[in-house]
Structure formats: structure tokens, C-alpha cells
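A quick write-up on the structure given underneath.
The values are calculated or read from the model by the stated rules, or taken from the named source; none is laboratory data. In this text the structure is predicted, and so the values were computed from the model without any measurement. All Cβ positions, glycine included, derive from the backbone under ideal geometry; neighbour counts span all protein chains shown. Quick note on the areas: whole protein, heavy atoms, side chains included, nothing else; ligands and nucleic acids left out. Shrake-Rupley method; radii C 1.70, N 1.55, O 1.52, S 1.80 Å.
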Amino acid sequence: MHFDQQHLHETEARCTQESPPQCRQACPFSLDVRAFMQHCAKGDFGQARRLLERNLPLPDVMGLICDHPCETACLRRDLGGSCAIGDLERFCLAHLPVQSRPLPMPPKRFSIAVLGAGLAGLAAVWNLSRNGYPVTCLHGGERTSALLARHPQLAGAKAVGDVFEALDRAGVKFAESSLDEASLAQAMESFDGVLLDADATTLAPRFKDVDAATLLWRDKCCAAGWLETTPTGHRYASASRQANEGRIAAQTLERVVAKVSLTASRGDTFGPLHIDISGIAPAPRIEPGPEGFTPDTARKEAERCLECQCLACVKACAYLRKYQGYPKVYTRQISNNASIVKGHHQANPLIEGCCLCGKCTELCPENFSMADLCLMAREDMVARAYDPPSAHEFAIEDMESACGPESFLSQPDPSGRQRWLLFPGCQLAASRGAQVLALLRHLRKGLPGDGVGLLLSCCGVPAKWAGRPNLHARMGKRLAEAVAAQGNPVVLAACASCMESLRQHLPGTEVRSVWETIRDMPLPEGARTGLPKSLWVRDPCSARHDAAWLDSVRTLARKAGVDVEDSPSAGRTTGCCGYGGLVWCVDPELADSIAEDGLPPDLAPEKRGEPDARPVLASCIMCRDRLVAEGVPALHLLDLLFPGTGAASARERGPGLSARRAGRIALRRAALDGSDVPAPLAGVPGLDVDAALLARLEERHILLEDVAETVQAVDAAGRYFVNSVTGHRLGSSRPRRVTFWVEYSPKDGGFTVHDAWCHRMVIPGCGSDAGQPWNRQEDAP
Amino acid sequence: MSLEPNYAPDEAGWECGNCHRPLEQGKVQACYLDAAFDVLLPRCPVCGLTMIPKSLAEGKMVEVEALVEEK
């Protein structure tokens, strides 16, 4: 199992969605500015104020003097001006009474002295007194004088009086002092911890003489509150930094008196939160006016907040959106799923729902890979036998059928020469048999004397997607043997997933895109009339890194006289059509949503039906067929190259599951017979199944051959029910781990099928058990 | 009276095609993976041929199969 804690932490650390946005990282108090702005935007100023009270020392005073470094970091800066966070804080603090009461803390026995009542000293006094420490604050002159001298804008502010009153109520002792070496020596003698305010006493050391992380100077004495110096030598006080230093020094003193590590688990470190602000319209900053914000203007200004989040992958992927989280959350859910001993594996659909296309990795600045995570989880589920059988079993059966004796063919070039080998892939073979043969003829004509063989099979990638690496390897071994038997020619793949899978299976053999090979050949002969003038290119997800594939598709289309433009799903960041990762089998609805991602706006659902809608050009037959099933007009590259041979119009749906299997069988027969066009198989003789009914049954993964086998088996054995009203018969068979039921009636020596259904449960007296004797004892009350 | 879930045929008129007897509700044990459930299903009182109505196969059964698979 790969989900050890370290691996989990490394994986989830790659997702930075939980990293604080720039404003929060810039705030010395780590105020959740995004949440503050959200509360304000909703008009919930009470919650907004509560957040300030929880994070800021002396909140009412800080609100008036904070130099809000958050605004400098705000990403609205160049989009209409930084959000007026400081003014909004002031609005909340000025217009609402105190929203929270400090929790009474058990009194501590360690006493702390703070020398100097500047902002840093008072911030430390505030925090220490709230945490239950008896605090004595020694100040020169009036207790407010140091604060007012440094921040004269506080003169006359009610907040100052309120803060000192609150400190008095909390039991803080204020005492006038000369703040000299003698008073420091006495404080060191009498108190458990001492803090020196560098802006209100002359006793404090220089900043470079204290520990930068803890602000500890020596023994049990910290210092805080230095002035800042600009590059030109100007000295000034940053209120937020001074108060924060007071906060840090107070934390250090708490650790000093408790005799615990001064540094452990202190200061969160986060990676940067990646935010894409492209395409965001500027909106001008709303200034508060001389009287400050009104509730209405405050709300409007807060609405300008971009609510910075990464979600680069989530925005672009229907699968990642479906489970309403983001990769960091999903990593934990998948990891927890793997550690369940008893109980429900609720993350199974999450694990099975990823199409493994890798778009998230391309979009993520940290290269997070949901595909790697989900594939690892699937392999773990299979290895420990808790994978849900219904998820991938049908797809694996389909794969086995595509490699079975009726569909598999390894046919060398008739000349005996063996330089090239066309591998169309099982879905192109299933959907476009005539075009596969035309492509083979075109290659043989364009590469005279070289010899072009044909290999009809599945590449085995469904086994990999299902988390069955051993089965995938077995498939690879068989393919490697077939390729070796043809003399290890260069394999020309017409499917990008096959190309990827074959490169893994055949490490010593060159595997390349067939489009690359025919790119520089003359186009196939034949009229190219009726082709659209212009097409949107949608690249297959498995080809995103194959520059030759991407270029060849565009070059061939232009050679065919068609203008092409990249759709949003093109090149390196293209997405899946929902076929990848077997999502079509596990969660067809999700697969349809995935196909919708990355379509250009003029192919939105309400526009794609228009007769002049510009079709998509796909170079993967599953992309093409799945898009057309969604009502999107789409052509395959072969439709531009061989428009007269078995080409589909941009609206013509691809074959259903049963017809795909029949198409592979027909292609194999045609290749063996030397026919130019596969003869269509005429369904099952004597079995009448309405096309609409078959389409419905295929949604439940019931194939025509399942229906035929069931009818034949139950009717021959006479093991069926009969309806005295309709005359229909109903029987079941269980040829594998599924029981199929078919309702049918005999007609003219054959059968008409009315309906069918299936289930995986085993019921005595049904399916293959239908003929076994029944034990009447079971009926005993 | 039995407490097991009871599923009758979706339409009236069904009888055993072999024994020509009307169906009766009988208790059977449905199994999937490591789970087993007792249910009452229509079946032939003579030969035991048992029917799974479509509404059951595409309704409750799908739900239960999914739950068992999650275990």
C-alpha cells in the first residue's frame, strides 16, 4: 500500500488551495481577510467584527491605526485598486458594539511585567491578560502618553479609553515608572517574564540582538516594537508590525514560563496560493467618503473582493467539481477510504470517477496529479479485492471481446515486407471499419515497397485504467508477441491512448502516430465536397504531449482544405471526452459532463443544434462519437481524408455497444477476405429488437448478444414464465456474473423482444439456477 | 406474517410456462458478494422458477448492490 503518512503528506502538500491568500499572508496577525470580506459583502458586519476581535490585539485601537499591508498585497490592486480593507475594518469597529466576550481563562501563577506602554507593550498586555496571566505594565508619564505620542491620530478617540478600561477590568496593573536600568533589574527579580517595549523605553536592545523568531533577548526577557527604517534611512512606526511583535513576544514569554520549546509548532508555513486573475474585469475602488462607509457602500466595496482561491483544476474539470472539494480534500478522502476495515468505502465513486487524463496536472502550478492518485487507489482496491465489481467488469469484458478470436487479427503485408504496422485501435475498428481499410490501402500505396501490416486488437489500456496492472502486462505480452511475429515493424497508432499503452508494452519498438506518417504523403484521392469550411480542433487527452500528433492533425486538415482553430480543449491542456479512465462505464452521467468541458462558447447546449454551428474536429474516435452523442457536431480526421468511404456526417451518431462489437468482427472478416468495405452484420437472425429499445438496454450494459443468448437458452429449455393476458414470455440466464432477463414473444419462427433487464445478485430459481430443483422447505413459515 | 420485503410481479397474468401454475410469493435468499438477504418473490409453487420483476431489478436491487459493493 502506497498511502503511508509521508506519501500522503507529500501528495496533499502539492495542492495549495488551503494556503492563505496574499492578503492574509501579508497580515502580521494572519487575519482571514477573505472571510472578513465575505461577511462584509453579505452585509453580516457583526460576523466581520467578531473576526477582527478574535485576531487583532486591541482591536478598536488597531482598526484606527493599522497600516493594512493586506491592501498592498491585494490582487485587486491592478484591477480597479486594492480592496479598501482598512476602511472596512474601521467601519465594522465604529458602527457595531463589541460582538464577543473573552472566555474567562483560569488564572496563571506566573506574573509578567511589561516595561513601556507603546503599541507593542499594550498588545502584549492585551494578549497575556486574556490568557489569564497577572500582568503589570510599567509606563513613563501618563499610561496613554507613549501610544498617543507615536500615533497622534488616536488623540481624543473613544477607543483608547475603552481599551484601557477593558484592561483595568481584566486586572492589569498599571504603574508609573522611571523605566531605567534599575526598574528593569527589579522587574527581572520580581517577575517570571519581562517584556521591553522598544518604542516606549530606552532599555530595549536593538532588533539584531534578539532572536528574530521569538524576540527573546536574554534569560526571560523579550523585546518588541522597534521602528522600521526605509531604504533612505527614514524611520517610521508600522502599527501592524509593532503590535504583532508584542503578540510574538507575549507568546514567547508564555513558553518561557511554561518551560516548553520556544519554537516547536510555531508559525504556520504555507506554500503560495496560486491565483489566476486573467479575464477578471476591473472594478473601481469605492472610497468611503468623509463620513466613512455606509452599510450599503461597505457591502458594495467588499463585493469587489476576488475571494482569491486557486481551484485552477477544479474550474476546468467536471469530475473535480462533482465532489465539491479540491485535490487536497480528495487526497484525504481517498486515503481514508483505503484504511477502512469495516464500514462503507464512500470514496469509491471518487476514485472511479477520474478519467485519468492529466489535465489537472497541466493546469496545477504544483503538478498535482489526480490521475496518479486515483490509479494508485484503484490498484490498491484490486490488489486487496475490495473494488466494486460493477465498476469496471463490463469494460474489461468489452476489452476481452476486442482481443478475442472473433476480433483479433495480426495480418502481415501480403508482400512479406515488414517495415510498418497499422494499429487502428479497437474503437476505431468498431466504429469506422471501412475507413480503417481505406487508411491501410492509403499507407500501402504511399509507402510502396515497405510493407504495411495490420494488427486488430485492443491495446489493453482499459486494464490499466481499471487498476489491473497484471492484466495490462499480460495484454502487452500478447501484443509484443504479435508485433515480433511481424518482424518488429514501426507501429503506426491511430488512437492516442493506444499509442501511450503500446509504448509501455513495446519498449524496444518505435510507436508513432499514423497521422505523422501520412502528413507528408499526398492526400488520398477522391472528391472532398461538402466538408465544412472551418472546424474547432479538439485534441485527444493522451496526445497532449505528442507535438507530432498535434501538428499532423492540423496540417492534414488544412491540406484537405479545411480551416482549423483551436477549441479551448486543445494542445497541452486539452481534456478528456469522458471515455478515459472507464468513466463512461462507471458513471455515464459524469462522463457526459466531462465531455462538455472545454467546448467553445458557440457550441453551448442552446447553440450547438443550429445548422451552421461549426463542428469539432477530433482525432480520437471516442471524442468524436461521444461529442456527437451530446448533440455536438463533430467529425473525425478520417472524415476529411476519406470523405467518400464510410464517413459520417457531423451529426451522425456513432454505433452503440452491440454494433461496435459487430463492427470489429466485420472488419476482421473483411481484412481476411481482402474486401474493401466490411459487410455489416445483420444483427441476430430471427431476433427482432427495436433500435430505441436496444439503445436503452445498452445504457444498462445489456448487449444484443446477451439478449439473444438468454432467449435461446430459456426458450430451448422451456424455463420461462408466460403471461396469460399478453402472451409474452419472460426468462433469465446468467452467462457470467450478471443475470439477464428478457421479455419476448415468439413470432414467425423467431422472437420479438419487448424488454430486458439485469442484476448482479444471485437468486435461487433464476438465471443459471433456474433449472435446479427447488427445496420446498424454504417456504416453511 | 412475514417481515421480509415482498415484491410482486409488475403486471398480472404471469404463470409458469412449464407447470402452468399461477405464481405464489415465496421466500428466497438473495446473495451478493458476502451479503445475503431474505425476500419474498413470485415463483412457481411446483418447479420453483423465480421471477425478478423489472421494477425490483432496476430499483431496490441496484441500490442494495451498490451498498454491498461499498462494504
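Results, tabulated for the structure shown:
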read-out: Pairwise centroid distance, computed over Cα atoms, of the range A:159-207 with the range A:308-340, Å; value: 50 Å
read-out: Alpha-carbon centroids, the range A:506-542 and the range A:644-691: separation in whole Å; value: 23 Å
read-out: Full-stretch length increase - A:Glu189, A:Asp602 - with 0.36 nm per residue and alpha-carbon distance subtracted; value: 140.8 nm
read-out: Global form of the range A:520-569, assessed from the alpha-carbon gyration tensor, a/c cut-off 1.5; value: oblate
read-out: Averaged over A:652-658, number of beta-carbon atoms from partner chains that fall within 10 Å; value: 0
read-out: Listed residues A:Leu154, A:Ala666, A:Pro21: farthest to the positive end of the dipole of chain A (Cβ charges); value: A:Ala666
read-out: Per residue solvent-accessible surface (Å²) - the range A:192-274, probe of 1.4 Å; value: 50 Å²
read-out: P(r) weight above 26 Å for the range A:620-741, C-alpha pairs, percent; value: 36 percent
read-out: Nearby lysines by direct alpha-carbon distance to A:Lys464 (threshold 22 angstrom, same-chain neighbours under 8 apart not counted); value: A:Lys359, A:Lys477
read-out: Antiparallel content of DSSP bridges confined to the range A:342-496, in %, to 5; value: 30 percent
read-out: Counting DSSP beta bridges with both ends in chain A, the antiparallel % (nearest 5); value: 40 percent
read-out: Gyration tensor (alpha-carbon) shape descriptor, the range A:161-244, a/c threshold 1.5; value: oblate
read-out: Kyte-Doolittle at least -0.5, axis length at least 27 Å by Cα - qualifying DSSP helices, chain A; value: A:239-258
read-out: Interface size B-A, as summed buried accessible area [1.4 Å probe, Å², nearest 100]; value: 3500 Å²
read-out: With all protein chains modelled, accessible area of A:Arg528 [1.4 Å, Å²]; value: 60 Å²
read-out: Average partner coverage of A:752-764, which counts Cβ from other chains inside 10 Å; value: 6
read-out: Added length on full extension, which subtracts the Cα-Cα distance from 0.36 nm per residue, A:Asp755 to A:Glu10; value: 263.0 nm
read-out: Among A:399-405, A:482-488, A:435-441, the order from most to least packed when residues are scored by Cβ within 10 Å on average; value: A:435-441, A:399-405, A:482-488
read-out: Accessible-area composition of chain A, carbon plus sulfur, in percent [1.4 Å probe]; value: 52 percent
read-out: A:Lys477 - accessible surface, heavy atoms, 1.4 Å probe, Å² rounded to 10; value: 130 Å²
read-out: Mean-position separation - Cα centroids, the range A:65-128 and the range A:545-578, in angstrom; value: 55 Å
read-out: Degrees between helix B:60-70 axis and first principal axis of chain B (Cα, 0 to 90, nearest 10); value: 30 degrees
read-out: Shape call, the range A:484-571: gyration tensor on alpha carbons, a/c limit 1.5; value: oblate
read-out: Rg [Å, one decimal], Dmax [Å, integer] - the protein assembly as shown, C-alpha atoms; value: 36.9, 117
